[in-house]
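> Can you read through this structure? Questions will come right after.
The values are calculated or read from the model by the stated rules, or taken from the named source; none is laboratory data. Model, not experiment: these values are computed from the prediction. All Cβ positions, glycine included, derive from the backbone under ideal geometry; neighbour counts span all protein chains shown.
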Ligand code: NAD
């Protein structure tokens with residue numbers, strides 16, 4: 001393992017030197033890590049984290065779904081402790097990663113971790129580093145960051161790469177953090193991903209993620225409409241996609257995730273729209289982007305139309321639970 005990835009030990013956050021350190025063997029130098037939310041993303045991320053941290057370190061995990069934590073403790077080698085509550089994780093770990101579904105879960109988990117405000121009076125008297133990888137709204141994230149003050153530092157690190165990227169340890173994290181925390185957060189996140197992009201202060205990671213996913217949601221619908229149009233005019237689907245992909249309409253949905261079955265063999269459309277980026281997640285991110293834009297007084301013209309389309313796709317029994325490119329089916333595209 002690269003020394004760059006060896007975690008920094010029990011030093012106060014402010015005093016950490018942020019330099020490479022060599023492998024530490026003394027037991028007094030062993031660190032403890034926390035992971036909350038062992039879902040589709042979190043489970044493989046926590047697995048990768050456990051495989052990269054030093055053997056003697058402990059990974060303390062928690063999920064309301066006890067089947068997930070039991071499976072993890074059975075399946076994953078090394079020191080793994082199943083915590084009885086999220087507070088238990090916060091008391092026992094110095095660096096805590098969360099991967100939770102919605103803003104409400106992030107709020108309640110952090111409230112339970114941070115109250116009462118006595119974390120530093122327990123067995124680990126140092127400030128915690130909280131890294132939230134959930135895709136939530138920037139306002140909730142900011143509130144949680146403020147609530148953490150005094151007991152730790154909270155940064156937002158939403159991710160992209162999906163379940164396949166999480167399993168392969170190839171996620172990209174977009175982080176919002178003060179400059180002095182970037183190096184340490186990067187060391188931690190590179191144990192679960194391949195790229196960390198620092199976009200600015202706390203909240204900036206989420207702003208970047210939501211802007212990107214807003215664009216993706218629109219490009220996906222536009223690609224489905226353009227492909228549908230061309231095919232109904234009589235064009236060959238593969239020839240049309242090839243032409244677009246060497247022309248100005250080219251985008252990720254046209255090139256990698258083309259919505260027309262058979263055009264791109266590896267795309268979800270070619271396997272009944274299974275796997276991929278679920279339409280409900282795409283719609284969730286679009287709505288978070290619209291909400292955050294509205295709160296900042298930013299006008300958007302296309303987003304509300306896209307939201308109505310995704311709501312209808314989600315309600316369509318032929319499309320539920322599928323990859324978001326299934327919008328092509330919903331629009332009556334020829335399969
Ligand atoms: P998931 O629903 O599969 O997993 C969330 C986990 O959190 C579940 O195991 C759930 O039991 C647990 N949980 C919920 N409330 C809890 C609580 N109070 N205490 C402890 N555990 C709790 O979701 P996911 O697909 O793993 O996504 C996690 C986050 O990552 C979401 O914010 C999502 O938007 C984002 N994300 C997902 C993907 C993807 O492809 N799935 C890609 C990028 C980002």
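Residues checked against (1) out of contact with any strand residue (DSSP E or B) (no Cβ under 6 Å at 6 or more places or on another chain); (2) within 16 Å of the ligand (Cβ to nearest atom); (3) closer than 22 Å to residue 164 by Cα:
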position: 208; (1), (2), (3): no, yes, yes
position: 227; (1), (2), (3): yes, no, no
position: 239; (1), (2), (3): yes, no, no
position: 243; (1), (2), (3): yes, no, no
position: 257; (1), (2), (3): yes, yes, yes
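> Okay, moving on. Does any residue in the range 278-295 that is in the same structural domain as residue 313 (by TED's automatic domain parsing) come within less than 6 Å, Cβ to Cβ, of a residue that is assigned to a helix (DSSP H, G or I) and within 10 Å of the ligand (Cβ to nearest atom) six or more places away or on a different chain, and which pairs are these?
285/213
> Just the residues that are touching a helix residue (DSSP H, G or I) at 6+ places or on another chain (Cβ under 7 Å), part of a loop (DSSP other than H, G, I, E, B) and away from the ligand (no atom under 13 Å from the Cβ), please, taken from the range 57-92.
Residues satisfying the conditions are 76, 78.
> Something else about it: Would you kindly identify the strands (runs of 3 or more DSSP E) lying entirely within the range 93-167 that contain at least 2 residues that are surrounded by 17 or more Cβ atoms within 10 Å (Cβ to Cβ) and either at pLDDT below 95 or away from the ligand (no atom under 16 Å from the Cβ) (or both)?
It comes to 128-132, 152-156.
> Here is a follow-up. Just the residues that are assigned to a loop (DSSP other than H, G, I, E, B) and touching a strand residue (DSSP E or B) at 6+ places or on another chain (Cβ under 9 Å), please, taken from the range 313-329.
Answer for the range 313-329, where residues must be assigned to a loop (DSSP other than H, G, I, E, B) and touching a strand residue (DSSP E or B) at 6+ places or on another chain (Cβ under 9 Å): 321, 322.
> Just a yes or no: is a residue in the range 23-33 at pLDDT below 95 and touching a helix residue (DSSP H, G or I) at 6+ places or on another chain (Cβ under 8 Å)?
Yes; the residues of the range 23-33 include at least one that is at pLDDT below 95 and touching a helix residue (DSSP H, G or I) at 6+ places or on another chain (Cβ under 8 Å).
> On to the next question. Given the conditions (1) crowded, with 17+ Cβ neighbours inside 10 Å; (2) not in a loop (DSSP other than H, G, I, E, B), which single one is not true for residue 211?
(1)
> Turning to a different aspect of this structure: Of all residues in the range 264-286, how many are within 20 Å of residue 319 (Cβ to Cβ) and surrounded by fewer than 19 Cβ atoms within 10 Å (Cβ to Cβ)?
8
> Would you confirm whether any residue within the range 188-204 is within 13 Å of the ligand (Cβ to nearest atom), buried (at least 22 other Cβ atoms within 10 Å of the Cβ) and not in a strand (DSSP E or B)?
Checking the range 188-204: at least one residue is within 13 Å of the ligand (Cβ to nearest atom), buried (at least 22 other Cβ atoms within 10 Å of the Cβ) and not in a strand (DSSP E or B).
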